[in-house]
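The values are calculated or read from the model by the stated rules, or taken from the named source; none is laboratory data. The model shown is predicted, which means the values in this text are computed figures rather than measured ones. Note that each Cβ is placed from the backbone with ideal geometry, even for glycine, and that neighbours are counted across all protein chains shown. Heavy atoms of the whole protein, side chains included, go into the accessibility calculation; ligands, DNA and RNA do not. Shrake-Rupley method; radii C 1.70, N 1.55, O 1.52, S 1.80 Å.
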Number of protein chains: 2
Amino acid sequence: MKVIKYPARDTWTEIVRRPYHDCDSIDPIVSQILDDVRARGDDAVRDYGRRFDGVELLDLEVSAPEFASAANDISDELKNAILVAKKNIETFHNVPFEDGREVETTDGVFCWRRRVAIEKVGLYVPGGTASLFSTVLMLAIPARLAGCRETVMFSPPAGDGKINPVTLYAAQLCGVTKFYKIGGAQAIAAMAYGTKTVPSVYKIFGPGNQFVTEAKRQVSRAGVAIDMLAGPSEVAVLADETANPTFVAADLLSQAEHGPDSQVLFVSTSDQLIDRVLSEIKRQITTLPRREYAEQALCQSNAVLVGDVNTGLDLTNEYAPEHLIIATELAEEVARGVVNAGSVFVGNLACESAGDYASGTNHTLPTNGSSRAFSGLSVESFTKTITFQRITREGLRNLGPSIEVMARAEGLNAHEQAVSIRLESFGGAECSIL
Amino acid sequence: MKVIKYPARDTWTEIVRRPYHDCDSIDPIVSQILDDVRARGDDAVRDYGRRFDGVELLDLEVSAPEFASAANDISDELKNAILVAKKNIETFHNVPFEDGREVETTDGVFCWRRRVAIEKVGLYVPGGTASLFSTVLMLAIPARLAGCRETVMFSPPAGDGKINPVTLYAAQLCGVTKFYKIGGAQAIAAMAYGTKTVPSVYKIFGPGNQFVTEAKRQVSRAGVAIDMLAGPSEVAVLADETANPTFVAADLLSQAEHGPDSQVLFVSTSDQLIDRVLSEIKRQITTLPRREYAEQALCQSNAVLVGDVNTGLDLTNEYAPEHLIIATELAEEVARGVVNAGSVFVGNLACESAGDYASGTNHTLPTNGSSRAFSGLSVESFTKTITFQRITREGLRNLGPSIEVMARAEGLNAHEQAVSIRLESFGGAECSIL
């Protein structure tokens, strides 16, 4: 880590800048996969599965027996842990929709709003050496709580054509019954356009590699909604002299092990703490299986010494991290000042891994500074709102003249006429035409 | 309008399909404007203003005297109408944030969520012959209610270098104090990247022509949030024999007058109503100044006869219109079955122009079928949510083991270690290190 002491504010833009990732080079590759799946459907999906996942599949969908046997292949310890996480995530996400209070904005003019589940959603779970079953929980639980009518899940199969049993166990537990063994850009294409086997969806969720991300970006142009564009994971730690250097080091490492492009930003008011955290990192890193990733990530990261906690908070707000750990005195008070972050871990004991797995909050969070304008996933991400209005005769008498004046001023005479024709139809008295 | 009687369900996809608009041709033009503004800032903005708006500007920002004189140039009638609309929009949009109820998901594990205003937002108001002051209200009111710290507005100036006084009056009324005379793709570029004069923003709102829309799409790739990609405006009317044909015709025309690419879909259970609406349209259209637009739009639109109201509702749900008018018996009951629409007008008297201007609902709505997954603008669009968690020692004892098991199963050992190190530090008893 590079240590920066008391940097001037006009150098902060440089400190909070993320490394630039060029995606232009994969644009045409992804765009060709999308076009191909759109044109050839399942055949194209199978071809890319053969090419990228090295697997020849007759059945693209996970079968009932495959689902059924999944639970047998997992330890009880892991099953129990997943049940604990599921319960917490459900409890936290299960906030009732704030539905339909009718507002009478003018006498006789009633407006209300209804939150409605998105009917069809697709959830993407990345493949790789380990099962990312925690992503299954984070996507499928809010989808089910929202009440989406059709929830389909996608993940690339292993070389033997199977999906990891932990992934299937978690999916089943969360009510997912349609699961396709398709990964990469071709999975996103299948969700967006549909094939003979795969139903198309209205919104696509879930993280993935740069091909998946680019495919999401491209189909979003074609009108399919997406949750967000995931970048490399990141954490900021804001700590004062009351922080525990052993814990802080462990937290920075748990972020850094994600991959060489992970980002950590360590902001502290204590020079001594920075020193102790750096030596702790050296000590702890030696035993980590993913040590190489962590070393590369830390190499590109900064430890920043600031004059006081408020300055530090200003800096993390400017950074707008995906995860923010606040290990300071009166951490809850400091947390009230957070305006840009995805998820915040308050105090010495709230480690990021708690939120990654089981505290109850969602781990699908805005990266790359986008927490300035975006939220992490919640049940709302699986819904949209519809507004409604009804107007009585009295209401149109009250409001109509204002609408007429404004429509005329905007040069939209048919808009005016839609009101005038109604007002004229009442005349002054009751009118049988209604 | 083309009349389609009792179409089979497998032909609906064709009926609800929107005309395809090719945007590829303007991609490179827009991308060049963005790059240029990014590189040359205000100079580039001025150059494009000269080229596209035909105006040479020294000051890009609206001055205090310009704001001050705006109110003098508008009739009292219009000022009053705008005040009525503002009051209604404020009343409807002013729903308090559902903040921070703390949920104890496991004994000792506390999670909560806070809704926070996006700090910097940019609002785009299209130019043209008439002032689109209603767009000012629909964007600036929720921005102010959300509590955005910095709200800047953009609109292309007229040939005399001025912004329409109604636009300025409405902007001022809604608390907008920074207003830039910049339009088109260069306005979006200035908001996204900032220039010497123009501050950059985190999220860009507002409709515009295809250059503005394409620019929003392109900057969204660079990480700037956008509200939505606006397509041509559209309405669906669902009506039975109780509907008033004069009103229905007026509503269809008020949509059709927006432009030749506007879409209307008229769905009815009554053959007779369709006939009467078509003749009413012929009668009413003759007096409309924007008759030519309306005729072209109607030419490409369908009137569909269905067997019953439920089938009609299924069809409009599949169409997922921006606006939906329900002119049937028991319209409120029918409205409960709406799952895909932007804003719904319930009953014979709720004309679309009411929502366009003054009922209180927002008129910035998802078009082109995107109401399947997107909502119209609300105060929430100007905010994001942040999740928080704090964990007591008891909480980590309860939850820690589950996190350890799951992190290990995902092969993320540093994630596990962040928990283990903390649990070890307590030992079984109190531990001074905390």
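In table form, for the structure just shown:
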| item | result |
| --- | --- |
| Those chymotrypsin sites (Phe, Trp or Tyr not before Pro) in the stretch B:10-77 that DSSP places in a loop and that have at most 12 other beta carbons within 10 Å | B:20 |
| Averaged over A:226-232, number of beta-carbon atoms from partner chains that fall within 10 Å | 1 |
| Three-way shape call for chain B based on the alpha-carbon gyration tensor, with the a/c threshold at 1.5 | oblate |
| The stretch A:129-145 and the stretch B:24-52: distance between their alpha carbon centers, rounded to Å | 43 |
| Extension gain from residue A:51 to residue A:77, taking 0.36 nm per residue of separation minus the Cα-Cα distance | 5.7 nm |
| Neighbouring partner chain Cβ atoms per residue of B:388-400, average, 10 Å criterion | 6 |
| Residue A:128 long-range amide H proximity, modeled H, under 5 Å | none |
| Heavy-atom accessible area order for B:214, A:150, largest first, 1.4 Å probe | A:150, B:214 |
| Rounded tilt (10° steps) of B:133-146 against the dominant C-alpha axis of chain B | 20 |
| Choice from B:208, B:395, B:342 showing the highest fluctuation, given a GNM over chain B with Cα pairs closer than 10 Å | B:395 |
| Candidate lysines - alpha carbon under 26 Å from residue B:384, same-chain residues fewer than 8 apart omitted | A:86, A:87, A:120, A:203, A:216, A:384, B:86, B:87, B:120, B:178, B:203, B:216 |
| Long-range HN-HN contacts of residue B:226 with modeled amide H, under 5 Å | B:204 |
| Which of A:363, A:93 is most accessible, then next, and so on - probe 1.4 Å | A:363, A:93 |
| Inter-chain Cβ neighbour average for residues B:127-135, partner chain, 10 Å | 3 |
| Calculated from backbone phi, Karplus (6.51, -1.76, 1.60) coupling profile of the stretch B:29-41 in Hz, x at Gly/Pro | 4, 5, 5, 5, 4, 4, 4, 5, 5, 4, 7, 10, x |
| Amide hydrogen neighbours beyond the local backbone of residue A:178, cut-off 5 Å, H modeled | A:153 |
| Percent accessible area from carbon and sulfur atoms, the protein assembly as shown, protein chains only, probe 1.4 Å | 48 |
| Helix-derived mean residue ellipticity, 222 nm - over chain B, DSSP H n ≥ 4, -39500 (n - 2.57), to 500 | -13000 deg cm²/dmol |
| Cα-based helix-to-principal-axis angle, A:393-409 vs chain A, degrees rounded to 10 | 80 |
| Sparse-neighbour loop sites [trypsin sites (Lys or Arg not before Pro); the stretch A:54-115; at most 12 other C-beta within 10 Å; DSSP] | A:101 |
| Degrees separating the helix B:210-221 axis from the principal Cα axis of chain B, which is the longest one | 10 |
| Phi-based couplings in Hz for the stretch B:272-283 (Karplus 6.51, -1.76, 1.60; Gly and Pro marked x) | 5, 4, 4, 4, 5, 5, 5, 6, 4, 4, 4, 6 |
| 3J(HN,Hα) from dihedral phi, the stretch B:68-85, Karplus parametrisation 6.51/-1.76/1.60, rounded to Hz, x for glycine, proline | 4, 7, 4, 4, 6, 8, 10, 5, 5, 4, 5, 4, 5, 4, 5, 5, 4, 4 |
| GNM flexibility winner over chain A from A:107, A:261, A:240 (Cα, springs under 10 Å) | A:107 |
| Of A:103, A:309, A:121, the one that fluctuates the most in a GNM where chain A has Cα springs shorter than 10 Å | A:103 |
| All lysines inside 20 Å of residue A:2 as judged from Cα atoms, apart from same-chain residues fewer than 8 positions distant | A:282 |
| Where B meets A: accessible area buried, both sides, 1.4 Å probe, Å² | 10300 |
| Tensor-based shape of the stretch B:117-228 (alpha-carbon gyration tensor, a/c under 1.5 rounded, otherwise prolate or oblate) | oblate |
| Antiparallel bridge percentage (DSSP; both residues within the protein assembly as shown; nearest 5) | 25 |
| Straight-distance crosslink candidates among aspartates and glutamates, where the alpha carbon sits under 16 Å from residue B:5 and sequence neighbours closer than 8 are dropped | B:14, B:240, B:241, B:271, B:275, B:308, B:314 |
